[in-house]
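Here is the structure we will look at, set down as structure tokens.
The values are calculated or read from the model by the stated rules, or taken from the named source; none is laboratory data. Being a predicted model, the structure only gives us computed values, none of them experimental. Neighbour counts run over all protein chains shown; Cβ positions are idealised from the backbone, glycine included.
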């Protein structure tokens, strides 16, 4: 028992991080074991914090889960928790004219993501649906939010909290830019799809 406690003290979050990431990918414990080249029993021990893998084994597990090894071993500092208005990361997504500002910082085990969307006049999004909750809060301007066939005219201060499994879309029908705070668990804004403003010749 003392040995188990010592292992837990060395790596209190590793097991839960691996389990959380595996479940997020809808991967079974056996599937992770097969992909990472380890036994399912060993994966079970790691996830229960009863065993601590070597860096080599952890690298195999990380690769099987589609993340870098730093995802599991990087610790969060207090300064990682704050997002300053000045110098906040801004970027565009491929094929979109909406300018995003990253409000939250991602760290191992984090689930929520929040972005300020600067929506140009006349913009219309595609209609999408996916699992999870979403919060839309209008900071400036006005947008039309369409949810499951119903239209909501939202102005500054209005908020909509809904399950994203319902078909939804939104548009800025005005001639001025709108600013919207988006919060949810969907991690679609990955680095591969981003174009940072410093790399855009047509950024404003």
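Here are some notes:
- Of all the residues in segment 31-42, those that are in contact (Cβ under 8 Å) with a residue 24 or more places away in the chain and more than 23 Å from the chain's Cα centre (by Cα) number 2.
- Taking first residues from segment 136-165 that are within 15 Å of residue 117 (Cα to Cα) and partners that are not in a strand (DSSP E or B), the Cβ contacts under 6 Å between residues at least 6 apart in sequence or on separate chains come to 138/156; 138/158; 140/156; 141/176; 142/174; 143/172; 144/173.
- Residue match in segment 104-111 (condition: assigned to a strand (DSSP E or B) and touching a strand residue (DSSP E or B) at 6+ places or on another chain (Cβ under 6 Å)): no
- Residues in segment 99-135 that are modelled with pLDDT of 90 or more and surrounded by fewer than 17 Cβ atoms within 10 Å (Cβ to Cβ) were compared, and the one that is nearest to residue 68 (Cα to Cα) is 135.
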